[in-house]
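These notes are about the structure you will find just below.
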Amino acid sequence: MNDKQYVIDDLSAKESWRIFRIISEFVDGIENLQEIYPAVTVFGSASITESDPVYDLGRKVGRLLAESGFSVVTGGGPGAMEAANRGAFEAKGKSVGLCIQLPREQASNPYTTVRINFRYFFIRKVMFVKYAVAYVILPGGFGTMDELFEALTLIQTNRIKPFPVILIGKDYWKDLVSWIKKTMLVKHRMICPDDMDLFQAVDDPAAAVAAIKRIVII
């Protein structure tokens, strides 16, 4: 009986210490990021290489955002994240990487001026949205979709103030946008017509930045 009780107490103690680690990550994030506002968070695939056209899109949007006075925030990894950080870094802007610890270690990119490592995805996600005045979404996979739809959900449910959500690359996004409209909206009425206005798709990084600047005044 005592052994069983000891195991239970031990597990409870471990859970308690985990809470302190979570609090520590929140404090670390807030203390290190309080000077980056206004920021635009850029998402996209970690898998693309420098020769991919998407890399060029990310680099351009990072540069244009930095030149317009925005900090550029990414997940701090390779691919599209590196591209956006690189554009901001080369434009002498604030280039922020919010890195995550993964079982298969994802190398951080070398183009950040501020870098924070997170153990917990949910804390990292809070930091992505806390300082953002807009989201820019480059082509990506499940992680990118996760961030996109979380932002749309938070805006839709009035959990955060509405901000621009810009998808870059119309050809990549057209089937998803069509499915949202035809299936979610028209066929099944799972969303409202106004929900289609929560995001927009463009092809040109300059158009993405212009769309943000029409709404966000800094």
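Listed values, structure above:
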read-out	value
Entry for semi-axes √(5λ) of the Cα gyration tensor in Å (calculated from the structure that is shown) out of (i) 25, 23, 18; (ii) 32, 23, 17; (iii) 32, 18, 16	(ii)
Relative contact order for segment 75-206, counting Cα pairs under 8 Å that sit 6 or more residues apart, in percent	18 percent
Folded to 0 to 90 degrees: helix 53-67 orientation relative to the chain principal axis, Cα	90 degrees
Amide H partners (placed H, <5 Å) of Arg115, local residues excluded	Gly97
Fluctuation leader among Pro103, Pro53, Pro139 - the chain, Gaussian network, Cα springs under 10 angstrom	Pro103
Cα gyration tensor, segment 45-170 - rounded (a/c under 1.5), prolate or oblate	rounded
Three-way shape label, segment 121-218, alpha-carbon gyration tensor, a/c 1.5	rounded
Cα centroid of segment 12-89 to Cα centroid of segment 177-208, whole Å	25 Å
Helix axis angle, 142-156 relative to the chain longest principal axis, alpha carbon, degrees	80 degrees
Within straight-line cross-link reach of Lys170, lysines at Cα separation under 30 Å, skipping those fewer than 8 residues along the same chain	Lys60, Lys92, Lys94, Lys125, Lys130, Lys161, Lys181, Lys182, Lys187, Lys213
222 nm mean residue ellipticity, helices alone, for the chain (DSSP H n ≥ 4; -39,500 (n - 2.57); rounded to 500)	-15500 deg cm²/dmol
Gaussian network model of the chain, Cα within-10 Å springs - most flexible of Thr113, Thr153, Thr183	Thr183
Karplus-derived HN-Hα couplings along segment 200-214 (A = 6.51, B = -1.76, C = 1.60, θ = phi - 60°), whole Hz, x at Gly and Pro	8, 10, 9, 9, 9, x, 5, 5, 5, 5, 4, 4, 5, 5, 5
On Cα atoms only, tilt of 121-130 relative to the major axis of the chain in degrees	40 degrees
Excluding exposed DSSP-loop trypsin sites (Lys or Arg not before Pro) (at most 12 other C-beta within 10 Å), longest clean stretch of the chain	1-91
Distant-in-sequence amide H partners of Ser71 (H built 1.01 Å from N, under 5 Å)	Ala39, Val40
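All of the numbers you see were taken from the coordinates with simple rules; none came from a lab. Note that this is a predicted model, so its numbers are computed, not measured. Ideal geometry is used to build each Cβ from the backbone, glycine not excepted, and the neighbour counts take in all protein chains shown.
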